[in-house]
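Below: one structure, written as structure tokens.
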Amino acid sequence: MSELFDASVYADRLGRAQGLLRERGLAGIVIGPGPELAYLTGSWTSSHERLTALTVTPTKSRLIAPETDLHSLADSAVSELDVEVLGWADGEDAHALAAAPVLEGDADGAVGLGDSLTTRHVLALQELFAPRETKVAALALAELFTRKDAAEIEQLRAAGRAIDAVHAKVPELLRAGRTEAEVAADIDKLILERHGVVDFVIVGSGPNGANPHHDFSDRVLEDGDIVVVDIGGTYGVGYHSDCTRTYVVGGDPATLPEEARSMYAVLAEAQEAAVAAVRPGVTAASIDDVARSRITEAGYGEAYFHRTGHGIGLSTHEEPFIMAGNDLVLEPGMAFSVEPGIYLRGRFGARIEDIVVVTEDGCERLNEGPRELR
Ligand code: ZN
Ligand code: ZN
């Protein structure tokens, strides 16, 4: 990604991180390369097995990277931020360099570790920080990492419009005699017209639609096939789109068996009800329950075997996960998918997916394309 927000956006995020550390009595966070580092600095640098890490304490920020990788930070806002940058060479103790701002600080609380640090880095840092407790940074500072700011929401809105424009062209691609793979190749090109990167393309026709992890195959489309199309790309500064619609080859749902139409009606009602239930103060699990209870009451409970949604931002799957057992309370600015599905093994499946952002009194849907079978 070469696009960046203005440096003031990253400065604000680092400032909020420090404020939350103080508020929580946490000693600091250590973040590795990936979406969390990009969120805080704009950098998508990668140093493979060697340690690159941003350490933030209540009073100080330090970024360490292998000397040979320092040049890659030029693509980020790092030089404009109040962050000390240190290069390290083989033979130096990179973990000690990353841990030092925490160990030299006077806060003795827990330390949050970023999700993309690998096991060897986590173990080495835990040893250095002991007896301090270590935690998942994304949960310790959930409101920082899961509540999107205005600049992020605008990016997600634009990503939503971009993927809606791709879905608008899908019906004309789904013609009898074409393969799923041919359709997927066309969708790839359409995603790239409006995104920097294609993240994934699922074209699941007929029985393939009953497998939520199907991508695409050489199966030839036939008139009257039900087709699940789930697509997403990376947009702008690095925010993701993700939207599913279910189509009928030939475009006429009246040709479908009554059972398929009534199943779809159950799904559409469940998705609508789940979106309508999104508001601040309710748990992630309660949204899953709204969709699942409707599908279960209609007799399709066993045919709905995945969680209802996932957070989305600089990564495609992140907190809040909309699933049973997740007591995370929704707050304004959280963005996630609502994507129930019903899958009848060996026959067909259907899924409807929109991205929503929690507002002060409900939610804003970021995907607006028609949701009916067509
Ligand atoms: Zn999806
Ligand atoms: Zn999704």
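Using helices alone, what [θ] at 222 nm do you get for the chain, with -39,500 (n - 2.57) per DSSP H run of 4 or more residues, divided over all residues and rounded to the nearest 500?
That comes out to -10500 deg cm²/dmol.
Springs between alpha-carbon pairs under 10 angstrom, Gaussian network model over the chain: which of 108, 82, 90 fluctuates most?
So, out of 108, 82, 90, the one fluctuating most is 90.
Out of all Cα-Cα pairs in the chain, roughly what percent, to the nearest whole number, are more than 31 Å apart?
42
What's the center-to-center distance, using Cα atoms, between region 258-272 and region 181-221 in Å?
Using only Cα atoms to place each centre, the spacing works out to 23 Å.
Run the dipole for the chain about the Cα centre, Lys and Arg Cβ at +1, Asp and Glu Cβ at -1, nothing else charged, and hand back the magnitude in debye, nearest 20.
In total the dipole reaches around 480 debye.
Under a 10 Å cutoff between Cα atoms, tell me which one of 244, 119, 179 has the largest fluctuation in the Gaussian network model of the chain.
Looking only at 244, 119, 179, the biggest GNM fluctuation is shown by 119.
State in Å² the accessible area per residue of region 223-374; use a 1.4 Å probe, count heavy atoms of protein chains only, and round to the nearest integer.
Value for region 223-374: 35 Å² per residue.
Along each principal axis of its Cα atoms, how long is region 304-374 end to end? Whole angstroms, biggest number first, please.
For region 304-374, the Cα extents along the three principal axes come out at 40, 29, 23 Å.
From the square roots a ≥ b ≥ c of the eigenvalues of the alpha-carbon gyration tensor of region 149-199, which class results: rounded (a/c under 1.5), prolate (a/b over b/c), or oblate?
prolate
For the chain, set up a Gaussian network in which alpha carbons nearer than 10 Å are linked by springs, and say which option among 65, 74, 107 fluctuates the most.
Of the options given, 74 has the highest mean-square fluctuation.
If you plug each phi of region 52-58 into the Karplus form 6.51 cos²θ - 1.76 cosθ + 1.60 with θ = phi - 60°, what whole-Hz ³J(HN,Hα) values come out, in order, with x for Gly and Pro?
Working through the residues one at a time gives 10, 7, 9, 10, 10, 10, x Hz.
Determine the relative contact order of region 150-365: mean sequence separation of Cα pairs under 8 Å and six or more apart, normalised by residue count, in whole percent.
21
Take the alpha-carbon centre of region 282-317, take the same for region 89-118, and report the distance between them in whole Å.
Region 282-317 and region 89-118 have Cα centres spaced 37 Å from each other.
Once the other residues with Cβ under 14 Å from the Cβ of residue 249 are scored (Lys, Arg +1; Asp, Glu -1), what is the net sum?
-2
Per-residue HN-Hα couplings for region 137-149, Karplus 6.51 cos²θ - 1.76 cosθ + 1.60 at θ = phi - 60°, whole Hz, x for Gly and Pro?
After applying 6.51 cos²θ - 1.76 cosθ + 1.60, I find 4, 5, 8, 5, 10, 4, 5, 6, 7, 10, 8, 6, 7 Hz.
The values are calculated or read from the model by the stated rules, or taken from the named source; none is laboratory data. For clarity, every value in this text was computed on a predicted model and none was experimentally measured. Don't worry about glycine lacking a Cβ; one is built from the backbone with ideal geometry, like all the others, and counts go over all protein chains shown. These area figures cover heavy atoms from the full protein model, side chains too; ligands, DNA and RNA do not enter into them. Shrake-Rupley method; radii C 1.70, N 1.55, O 1.52, S 1.80 Å.
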